[in-house]
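Enquirer: Shown below is the structure under consideration.
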Amino acid sequence: MAELNIRKAAIIGCGFVGSASAFALMESGLFSEIVLIDADKNKAEGEALDISHGLPFAKPMQIYAGDYENLADAAVIIVTAGAGQKPGETRLDLVKKNVGIFKSIIPQIVKYNKDGILLIVANPVDILTYTAAKLSGLPSNRVFGSGTVLDTARLKYLLGEHLGVDNRSVHAFIIGEHGDSEIAAWSSANVSGIPINNFCEMRGHYHHLEAMRKIADDVKNSAYEIIEKKKATYYGIAMSVKRICEAIVRDEKSILPISTVQTGENGIDGVALSMPAIVGKNGVEALVPIELNDEEKADLLKSANTLKSVISDVLSDI
């Protein structure tokens with residue numbers, strides 16, 4: 001195997017999410033080389049050319065269309081390939097189509113690169129992260145999904161708007177499935193260390209349950225609303241991909257709610273879902289046990305069981 005180049009990334013799938021992620025990563029200056037791979041080589045070439053034409057306004061890098069052989073020394077391999085979510089479709093409706101696509105992609109990846117980090121972004125991300133982990137045989141710290149990084153950003157954004165405060169000062173997580181059974185972990189939410197309800201009251205908000213329910217629902221329905229209005233979501237997830245890559249390349253040891261295969265934490269096993277984790281150059285260093293109340297723990301188990309039932313339906317042959 002080739003020695004890994006920490007400044008090289010590969011993106012597999014050049015649809016809306018893949019190309020927006022490539023653009024966000026080009027703008028970030030994190031990598032000096034990005035290879036784009038797509039079943040439609042022309043699409044990959046077109047995206048690489050289009051983005052390359054902006055390089056005189058950015059930092060030097062090489063961005064080009066390639067094949068699986070070009071993965072050999074990539075430190076981070078980002079998989080966005082898959083059928084998109086159509087209006088009226090849930091993320092879980094996509095499962096069968098995208099598991100089929102992964103059965104052809106993942107063996108190709110590990111044929112050329114067994115040492116890089118595999119970042120799964122395609123939806124439904126938890127099922128596909130579990131699929132990628134099983135098909136690749138890579139260590140669990142090096143196969144994970146973008147999980148609820150975007151949902152958590154949406155939660156912080158909405159809380160910032162609600163409270164009239166910089167959303168970067170809001171500390172709160174969406175955990176569980178990236179999808180309809182996700183959980184807003186309100187019991188550990190705070191603004192600069194001040195418990196969320198106390199901060200709300202400081203800002204003149206007293207109807208906590210009502211506000212919490214509305215904000216959590218708005219986060220959950222964000223993707224559906226955007227898809228209804230513009231047919232796809234891609235900028236938010238592209239920024240999430242950039243954020244995860246920053247944590248890896250800079251060995252930041254940042255805490256991000258990524259999707260990993262659970263091995264008994266919170267009584268959950270044999271399923272991938274999102275919990276806060278320390279992310280650095282080796283991938284997932286450790287899961288971070290956050291405080292959850294009894295209702296949140298029960299909802300997390302319910303979310304895990306929702307995902308498990310899908311896994312048993314469609315992944316029995318993996």
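The values are calculated or read from the model by the stated rules, or taken from the named source; none is laboratory data. Because the structure is a prediction, the values reported are computed rather than measured. Cβ: placed from backbone, ideal geometry, glycine included. Neighbour counts: every protein chain shown.
Enquirer: If you check Phe16 against the conditions, is it in contact (Cβ under 8 Å) with a residue 40 or more places away in the chain and touching a Phe, Trp or Tyr at 6+ places or on another chain (Cβ under 7 Å)?
Expert: Yes, satisfied.
Enquirer: Checking Tyr206 against (1) more than 12 Å from His162 (Cβ to Cβ); (2) in a helix (DSSP H, G or I), which test does it fail?
Expert: With respect to (1) more than 12 Å from His162 (Cβ to Cβ); (2) in a helix (DSSP H, G or I), Tyr206 is out only on (2).
Condition check ((1) touching a residue at least 24 places away in the same chain (Cβ under 8 Å); (2) loosely packed, with under 15 Cβ neighbours inside 10 Å) across all residues:
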site	(1), (2)
Asn123	yes, no
Ala132	yes, no
Phe144	yes, no
Val149	yes, no
Lys156	no, no
Gly164	yes, yes
Pro195	no, yes
Arg203	yes, yes
Asp217	no, yes
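Enquirer: Please specify each residue of segment 25-69 satisfying the condition of being within 22 Å of Asn113 (Cα to Cα) and aromatic (Phe, Trp, Tyr).
Expert: Phe31, Tyr64, Tyr68
Residue-wise test of (1) in contact with a helix residue (DSSP H, G or I) (Cβ under 8 Å, 6 or more places away or on another chain); (2) of a type in the set (Ser, Thr, Tyr); (3) assigned to a helix (DSSP H, G or I).
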position	(1), (2), (3)
Val17	yes, no, yes
Ser21	yes, yes, yes
Ile34	yes, no, no
Lys43	no, no, yes
Gly46	no, no, yes
Ile63	yes, no, no
Gly84	yes, no, no
Val95	yes, no, yes
Gly100	no, no, yes
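Enquirer: Within segment 94-106, is even one residue surrounded by fewer than 16 Cβ atoms within 10 Å (Cβ to Cβ) and over 26 Å from Ala133 (Cα atoms)?
Expert: No: zero hits.
Enquirer: Quick one: which residue in Leu49, Leu71, Leu94 is among the hydrophobic types (A, V, I, L, M, F, W, C), under 25 Å from Leu4 (Cβ atoms) and either out of contact with any His (no Cβ under 9 Å at 6 or more places or on another chain) or outside the structural domain of Ser309 (by TED's automatic domain parsing) (or both)?
Expert: Leu71
Enquirer: Output yes when any residue across segment 61-81 is in contact (Cβ under 8 Å) with a residue 60 or more places away in the chain, on the phi > 0 side of the Ramachandran plot and surrounded by 20 or more Cβ atoms within 10 Å (Cβ to Cβ), and no when none is.
Expert: No, segment 61-81 contains no residue that is in contact (Cβ under 8 Å) with a residue 60 or more places away in the chain, on the phi > 0 side of the Ramachandran plot and surrounded by 20 or more Cβ atoms within 10 Å (Cβ to Cβ).
Enquirer: If you don't mind, another one. Please find, among Ser309, Ser274, Ser259, the residue that is among the hydroxyl-bearing types (Ser, Thr, Tyr) and touching a Leu at 6+ places or on another chain (Cβ under 8 Å).
Expert: The conditions single out Ser259.
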